[in-house]
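The values are calculated or read from the model by the stated rules, or taken from the named source; none is laboratory data. These numbers come from a predicted model, not from an experiment. Methodologically, a virtual Cβ is constructed for each residue, glycine included, from the backbone with ideal geometry; neighbour enumeration extends over all protein chains shown. For the accessible areas, the whole protein counts, side chains as well, though only heavy atoms, and no ligand, DNA or RNA atoms are used. Shrake-Rupley method; radii C 1.70, N 1.55, O 1.52, S 1.80 Å.
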Amino acid sequence: MVKIIFFQPHPDDLELKCGHIIHYLATKSNNMHDIRIASITKGEFGLPGAQYDKFKGDFLAKIRTQELYNAQSIHGISPDKIDFFGYVDGLVNFNREFVNKIANYLNKEKPDIIFGPEPIYTSYYHMDHVNTGRALFHCIYKKLIDFTPILYFYSCLNPNFFFGFKKEGFELINKLLSCHKTQFWLINLLKMIYKPSARFAGRKLKGWKYAEKFRRVYFKENNLIKNQPSLITRISSHFFSSLPFFQAKYPQDVLKGLKKKKK
Ligand SMILES: [Zn+2]
């Protein structure tokens, strides 16, 4: 039995990036895989604009948890296979506490393979995503865990692993996305770029028209240079993180309530 853990910062991240590979591993490979989903936050602030403030916090977290359960049930993954890390949406920081939490979890679960968001060559610059990917890399690279799982990153700009799917596969993605009803404002936008980007990735894979793309990270010494962000990546990271769009602006009373509870 191969154990695979899919990490996601928010409840809907895996659908567009790993929907096909999860579906294949969970339903079509003769029960050879034990799959877990690790969700860092419950997406408690994932609605645009102040008009939705009254829903943010615990209420939205509860709805989005159910949305995640509904979507994963399409793969036959039950709620007891889904873990939450209890972080607040938008406030996932790369620090000792977060890294230790991830390391402890990995040491307990001992996965053979891990999927997580790309932190370096990313096409989706959101601090929750970047910091989750960084923590996963750090745990393995710095040997904070006593084994070496295979690590794949999704939403990467320089993929080296492709998973092909057929045209009918778009129905699966639509079904998965339609479970995340609270994300209506974002999903239609993402859907527009989904097909061209799957088509583009499919060109790299012989015999397939569409594909999901990943970067497998190699931890061999002579390969490590590829895991260091280039100067240009570092500068643009700095620039992006300073943009107001990427900074959490949350209703302060809701935020205070959540932070108090988490302590
Ligand atoms: Zn996300």
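Determine, yes or no, whether L151 is buried (at least 16 other Cβ atoms within 10 Å of the Cβ), more than 16 Å from the ligand (Cβ to nearest atom) and not hydroxyl-bearing (S, T, Y).
Values: buried (at least 16 other Cβ atoms within 10 Å of the Cβ): yes; more than 16 Å from the ligand (Cβ to nearest atom): yes; not hydroxyl-bearing (S, T, Y): yes.
Yes; evaluated as a whole, the condition is true for this residue.
Exactly one condition in (1) surrounded by 23 or more Cβ atoms within 10 Å (Cβ to Cβ); (2) closer than 23 Å to I173 by Cα; (3) within 15 Å of the ligand (Cβ to nearest atom) is false for L47; which is it?
Just one mismatch for L47, condition (1).
Being open to solvent by less than 10 Å² (accessible area, probe 1.4 Å), of a type outside the set (A, V, I, L, M, F, W, C), in contact (Cβ under 8 Å) with a residue 12 or more places away in the chain and in a helix (DSSP H, G or I) is the requirement here; does T182 meet it?
Working: open to solvent by less than 10 Å² (accessible area, probe 1.4 Å): no; of a type outside the set (A, V, I, L, M, F, W, C): yes; in contact (Cβ under 8 Å) with a residue 12 or more places away in the chain: yes; in a helix (DSSP H, G or I): yes.
No.
How many residues does region 117-143 hold that are more than 12 Å from the ligand (Cβ to nearest atom), of a type in the set (A, V, I, L, M, F, W, C) and surrounded by fewer than 22 Cβ atoms within 10 Å (Cβ to Cβ)?
Residues meeting the conditions: 2.
In region 17-44, what residues are touching a Lys or Arg at 6+ places or on another chain (Cβ under 8 Å), open to solvent by 10 Å² or more (accessible area, probe 1.4 Å) and either within 16 Å of the ligand (Cβ to nearest atom) or on the phi > 0 side of the Ramachandran plot (or both)?
Passing the criteria: only K42.
Quick one: which of N93, N100, N104 is under 19 Å from L258 (Cβ atoms), among the polar types (S, T, N, Q) and either more than 16 Å from the ligand (Cβ to nearest atom) or out of contact with any Pro (no Cβ under 6 Å at 6 or more places or on another chain) (or both)? Walk me through how you get there before you give the answer.
Values: N100 fails: under 19 Å from L258 (Cβ atoms); N104 fails: under 19 Å from L258 (Cβ atoms).
Unique residue meeting the criteria: N93.
I'd like to verify a number: residues in region 122-161 that are within 22 Å of K3 (Cα to Cα) and assigned to a strand (DSSP E or B), how many?
6
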